[in-house]
Amino acid sequence: MEELKQLLKKLVEANGPSGHEETVRNIIKEELTNYVDEIKVDNLGNLICTKKGAKDTPKAMILAHTDEIGMLVRYIEKEGFIRFSYLGGFFDQMVLGQRVLIHTEKGDIKGVIGSVPPHLLPEEERKKPINRDKMFIDIGATSREQAEEWGVKIGNPITWLGQLEELGSNMVTGKAFDDRAGCAVMVQALKEVNAQCTVIGVASVMEEVGLRGAQTSSFTINPDLAIAIDVSATGDHPGVEERQIPVKIGKGPGITIADGRRESLGGGLISHPKVLKLLTETAQKNNIPYQLEIFEGGTTDATAAATSRGGVPSATISIPTRYIHSPIEVLSLEDLSNAVKLLKLSLENAHKYF
Ligand code: CO
Ligand code: ZN
């Protein structure tokens, strides 16, 4: 478990908002170089790692996205404060009061996200949540010119500043578990797997802004089945009811039956029965704990894979994660290690199902 924790730490402490994922890609490339037969990077930036199987066996594609939700510098005020655009789905209340890093050509610059303190707000305003238009990044610059001199310019990517920290009960907290946790599972499984079929691990780009890397890599690879590894929300903390999401931290990886928009499950994935069978039977036979889930409110790269070309049988293994899309996501290392086991053994069984 220590090895997996170190891998996760390395991956989450790297920074890579959508479209700026090179650092993360290079870490995965370095990790896998000695374990796979071929590594290439496609035009969009997807890292495609192939471990060749026996002749005439199926091609199994694994998807884990390298991007994290981030921001872009949109405007520099003449007093040196920075306005930003969101790159991915943010919850305004998770943004206020956070520390960030602005990535410039001259290096990383630290900043904090400020707004008007409650003392100076009219009574009515104090009761309302603060939205993005009222926030700005303070980097300590006293003018636009100074900020520019330090390297800040429109379009610079911005990420949370935060390290992996340990909590109790084998839990860890940090930023970008979505989806570096998936990357860690994929990397570790690719290192360990000894499959009959060909396994192709894709560290995919730009998932958070619309499954873009999964779309292009699925077309290129044309696999026989696809499994995405991503995080999903849990129903085990105050404010959520078990009947809404019965998934809990520490009870094993999730196997997603369906996901998508809250009101209709539209725009998401209905997992293919054959891949579901492969995953659930593998878990059962090997005594790996797992949780079946229907996730209302989002989807994963598997959705893009499923509708590629003539269609690809697809499913998702999810890592139960609290406070997703925040700088303090929480997951269990035990779930992570069980997800590695489930993925590795499923890949080793895949040729019996496809
Ligand atoms: Co996400
Ligand atoms: Zn994700």
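The values are calculated or read from the model by the stated rules, or taken from the named source; none is laboratory data. Bear in mind the structure is a predicted one, so any value in this text is a computation, not a measurement. FYI the Cβ positions are ideal-geometry reconstructions off the backbone, even for glycines, and counts take in every protein chain you see.
Remarks
- Region 194-218: number of residues that are under 26 Å from Met1 (Cβ atoms), touching a strand residue (DSSP E or B) at 6+ places or on another chain (Cβ under 6 Å) and away from ligand 2 (no atom under 13 Å from the Cβ): 3
- Residue check, Val116 among the β-branched types (Val, Ile, Thr) and under 24 Å from the mean Cα position of the chain (by Cα): no
- Positions within region 227-236 being away from ligand 1 (no atom under 16 Å from the Cβ) and in contact with a strand residue (DSSP E or B) (Cβ under 9 Å, 6 or more places away or on another chain), in sequence order: Ile227, Asp236
- Any hit, region 52-73, residues being in contact with a Phe, Trp or Tyr (Cβ under 7 Å, 6 or more places away or on another chain), at negative phi, not assigned by TED's automatic domain parsing to the domain that holds Gly151 and not aliphatic (A, V, I, L, M): yes
- If you go through region 215-262 and keep only what is among the acidic types (Asp, Glu) and at pLDDT 95 or above, you end up with Asp224, Asp230, Asp236, Asp259.
- The condition of being within 13 Å of ligand 2 (Cβ to nearest atom) and either closer than 19 Å to Glu348 by Cβ or without any contact (Cβ under 8 Å) to a residue 24 or more places away in the chain (or both) holds for Ala228.
- Only one of Ala64, Ala54 that is touching a residue at least 24 places away in the same chain (Cβ under 8 Å) and under 26 Å from Gly88 (Cα atoms): Ala64
- Within region 119-226, strands (runs of 3 or more DSSP E) holding 2 or more residues that are within 16 Å of ligand 1 (Cβ to nearest atom) and more than 24 Å from Leu336 (Cβ to Cβ): none
- Condition met for Gly111 (touching a residue at least 24 places away in the same chain (Cβ under 8 Å) and either more than 17 Å from Glu208 (Cβ to Cβ) or outside any strand (DSSP E or B) (or both)): yes
- For region 95-137, the tally of residues that are aromatic (Phe, Trp, Tyr) and farther than 18 Å from Val152 by Cβ stands at 0.
- Among residues of region 109-129 being surrounded by 14 or more Cβ atoms within 10 Å (Cβ to Cβ) and touching a strand residue (DSSP E or B) at 6+ places or on another chain (Cβ under 8 Å), the one that is farthest from Asn15 (Cα to Cα) is Ser115.
- If you go through region 70-115 and keep only what is away from ligand 2 (no atom under 16 Å from the Cβ) and of a type in the set (Phe, Trp, Tyr), you end up with Tyr75, Phe81, Phe84.
- Residue count for region 231-243, restricted to those that are touching a residue at least 24 places away in the same chain (Cβ under 8 Å) and over 20 Å from the mean Cα position of the chain (by Cα): 2
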